[in-house]
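Asker: Dropping the structure in here first, questions after.
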Amino acid sequence: MSQLIHNRKTVEDVRRLLRKNQTRHEALLWDRLRSSQLKGRKFRRQHSVGMYILDFYCPAERLAVEIDGDSHTTEEARQHDVERDATMTQLCIHTLRITNYEVETDIEAVLTKISAYFN
C-alpha cells in the first residue's frame with residue numbers, strides 16, 4: 001500500500017520543480033536536515049503522500065514538516081491545511097507546522113521542535 005501513496009509517478013515532475021524552486025526558508029531548513037544531520041534522521045524534501053506534496057518528510061518517524069508562509073493565512077489555505085493534516089493523521093503521519101518567521105529568527109529552536117517528535 002505504501003508504494004501506492006508515497007512519491008507517485010504522476011506528481012514526480014511537480015516534486016522536481018518544487019525542489020528546484022524551493023523557498024528561501026525551505027532552503028535554510030533543508031541545509032540543516034539534509035544528509036541525516038538532525039540526530040541521524042533521514043528527511044526527504046517535497047515528498048508526496050497521496051495527492052499532497054509535503055515540504056519535508058522523515059519516514060523513520062512518520063513526521064511531515066510543513067513551512068507555512070504568508071500564503072497559509074487565508075481561510076481557503078487554512079481549510080486546505082486542515083484537510084491535509086487530517087489525511088496525514090489517517091495515515092499515521094504527524095504534521096508539524098512551522099512558520100517562515102520561526103525558520104528566519106531561530107532555526108535552532110525549529111530543529112529542537114522537530115527532534116522533540118523523534119522516538
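Asker: Which value in deg cm²/dmol, rounded to the nearest 500, describes the helix-derived mean residue ellipticity at 222 nm for the chain, given -39,500 (n - 2.57) per DSSP H run of n ≥ 4 and division by the residue count?
Answerer: Numbers: 6 runs with 54 residues, N = 119.
The helix contribution divided over the chain gives -13000 deg cm²/dmol.
Asker: HN-Hα J couplings of segment 16-23 from phi, Karplus 6.51/-1.76/1.60, θ = phi - 60°, integer Hz, Gly and Pro as x?
Answerer: Result, ordered by residue: 4, 5, 5, 5, 5, 10, 5, 6 Hz.
Asker: Could you give me the ³J(HN,Hα) list for segment 38-54, computed from phi with Karplus coefficients 6.51, -1.76, 1.60 and θ = phi - 60°, whole Hz, x at Gly and Pro?
Answerer: With coefficients 6.51, -1.76 and 1.60, one gets 9, 6, x, 8, 8, 10, 10, 9, 6, 8, 8, 10, x, 8, 9, 10, 8 Hz.
Asker: From Cα pairs below 8 angstrom and at least 6 apart in sequence, can you work out the relative contact order of the chain, rounded to a whole percent? Could you put the intermediate results ahead of the total?
Answerer: Working: 134 pairs, mean separation 26.5, N = 119.
Averaging sequence separation for qualifying contacts and normalising by length gives 22 percent for the chain.
Asker: I've got another one for you. Translational D (Stokes-Einstein, µm²/s) of the chain at 37 °C and 0.692 mPa s when Rh comes from the Kirkwood sum over C-alpha pairs? Spell out each step's value before the answer.
Answerer: On the way: Rh = 14.6 Å.
Answer, rounded: 224 µm²/s.
Here, each number is a calculation from the coordinates, and none is a lab measurement. As the structure is a computational prediction, the values presented were derived from the model and not from experiment.
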